[in-house]
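**Q** Below is a structure I'd like to ask you about.
The values are calculated or read from the model by the stated rules, or taken from the named source; none is laboratory data. Values in this document were obtained by computation on a predicted structure and should not be read as measured data. Backbone-built Cβ (ideal geometry, glycine too); neighbour counts: all protein chains shown.
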């Protein structure tokens with residue numbers, strides 16, 4: 001594991017450089033064990049007919065809330081509803097729906113642009129010393145026992161289409177709220193993951209959060225997930241003082257990160273409209289089984305939850 005001076009040297013090569021990660025023996029061992037399971041087993045990567053299940057999507061492509069959060073719900077919960085602005089105003093003609101679509105797109109585009117600026121890239125995609133990603137790289141350089149996930153720069157920003165879906169969902173759930181305020185409260189338009197050594201995990205979470213606070217970021221919330229049976233890790237929310245935007249920081253071990261990647265296809269399928277209740281339960285059983293293989297770092301169960309008052 002490289003020390004702070006080594007990472008500082010890496011940063012001098014350019015804040016937008018992407019670290020080349022070493023091979024992942026933990027993930028390889030987990031995949032090998034899953035490959036050896038019979039196709040009928042719920043954790044097998046193969047269907048009953050011998051065909052391979054869908055490939056695991058990139059874990060950054062969609063957000064991954066801790067099971068039990070309001071966001072952890074099936075996508076068909078809102079199926080069949082009109083666009084949120086039309087619902088709120090009680091208007092259902094096509095012109096109003098088009099206006100609602102334009103308004104939703106406008107707010108989403110504004111949020112996506114604010115996220116891009118806060119993340120640290122200029123319109124040409126270049127980084128300076130300003131912005132959240134360069135700040136996260138500086139925090140990374142102060143961690144002796146952890147690093148940012150692979151392709152952090154590539155996946156720090158949530159896709160604008162996903163932002164739009166998320167905002168529409170919040171407008172439906174909170175119809176009397178100002179949509180601009182709801183957009184500003186989306187906490188994972190910008191998101192980061194630190195991979196920490198299991199032997200130093202708990203202390204490294206504390207150190208990283210201390211460094212985030214020292215850098216001026218406002219601590220909004222920390223949700224430890226190591227007690228859960230479908231997800232292992234810690235999710236936290238912070239506010240960027242420069243932009244006023246919230247962003248997400250997750251803390252994983254190599255094992256919990258690998259388990260998250262392995263089960264992400266199941267999480268996405270649970271959220272779809274095409275699965276039955278029985279299949280949903282089977283998929284969640286699969287998530288629990290994979291999660292059960294993840295070792296819990298010493299002290300991780302005692303990491304305190306935090307929520308800023310107000």
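One line per residue, one yes/no per condition, for (1) in contact (Cβ under 8 Å) with a residue 60 or more places away in the chain; (2) farther than 28 Å from residue 200 by Cα; (3) under 18 Å from the mean Cα position of the chain (by Cα):
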residue	(1), (2), (3)
231	yes, no, yes
243	yes, yes, no
292	yes, no, no
295	yes, no, no
299	yes, no, no
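**Q** Against the condition part of a helix (DSSP H, G or I), buried (at least 21 other Cβ atoms within 10 Å of the Cβ) and in contact (Cβ under 8 Å) with a residue 60 or more places away in the chain, how does residue 180 come out, does it pass?
**A** Numbers: part of a helix (DSSP H, G or I): yes; buried (at least 21 other Cβ atoms within 10 Å of the Cβ): no; in contact (Cβ under 8 Å) with a residue 60 or more places away in the chain: yes.
So residue 180 does not fit the description; no.
**Q** Can we say residue 154 is within 15 Å of the chain's Cα centre (by Cα) and not in a helix (DSSP H, G or I)? Before you say what the answer is, go through the steps one by one.
**A** Values: within 15 Å of the chain's Cα centre (by Cα): yes; not in a helix (DSSP H, G or I): no.
No; evaluated as a whole, the condition is false for this residue.
**Q** Within segment 271-303, can you find the residues that are surrounded by fewer than 20 Cβ atoms within 10 Å (Cβ to Cβ) and touching a strand residue (DSSP E or B) at 6+ places or on another chain (Cβ under 9 Å)?
**A** Within segment 271-303, 284, 301, 302 meet the criteria.
**Q** Moving on to the next point. Could you tell me which of the residues 159, 69 is touching a strand residue (DSSP E or B) at 6+ places or on another chain (Cβ under 8 Å), modelled with pLDDT under 90 and under 28 Å from residue 211 (Cα atoms)? Steps first, please.
**A** Details: 159 fails: touching a strand residue (DSSP E or B) at 6+ places or on another chain (Cβ under 8 Å).
Matching residue, one of 159, 69: 69.
**Q** Only one of (1) assigned to a loop (DSSP other than H, G, I, E, B); (2) at pLDDT below 95 fails for residue 216. Which number is that?
**A** So residue 216 meets the others, but not (2).
**Q** I would also like to ask the following. Look through segment 110-127, keep the residues that are out of contact with any helix residue (DSSP H, G or I) (no Cβ under 7 Å at 6 or more places or on another chain) and in a helix (DSSP H, G or I), and return whichever of them is nearest to residue 246 (Cα to Cα).
**A** Here is the first cut: in segment 110-127, the ones out of contact with any helix residue (DSSP H, G or I) (no Cβ under 7 Å at 6 or more places or on another chain) are 110, 113-117, 121-126.
From what is left, the residues that are in a helix (DSSP H, G or I) are 110, 113-117.
Values: 110: 15, 113: 14, 114: 11, 115: 9, 116: 13, 117: 13 Å.
So, considering only residues that are out of contact with any helix residue (DSSP H, G or I) (no Cβ under 7 Å at 6 or more places or on another chain) and in a helix (DSSP H, G or I), the one nearest to residue 246 (Cα to Cα) is 115.
**Q** Restricting attention to segment 226-235, report how many residues are modelled with pLDDT of 95 or more and surrounded by 23 or more Cβ atoms within 10 Å (Cβ to Cβ).
**A** 4
**Q** While we're on this one: Looking at 268, 255, which one is touching a helix residue (DSSP H, G or I) at 6+ places or on another chain (Cβ under 7 Å), part of a helix (DSSP H, G or I) and in contact (Cβ under 8 Å) with a residue 60 or more places away in the chain?
**A** On inspection, the qualifying residue turns out to be 255.
**Q** Another question, if that's okay. Scan (1) closer than 29 Å to residue 197 by Cα; (2) buried (at least 17 other Cβ atoms within 10 Å of the Cβ) for the single condition residue 121 breaks and write down its number.
**A** Going through (1) closer than 29 Å to residue 197 by Cα; (2) buried (at least 17 other Cβ atoms within 10 Å of the Cβ) one by one, residue 121 breaks only (1).
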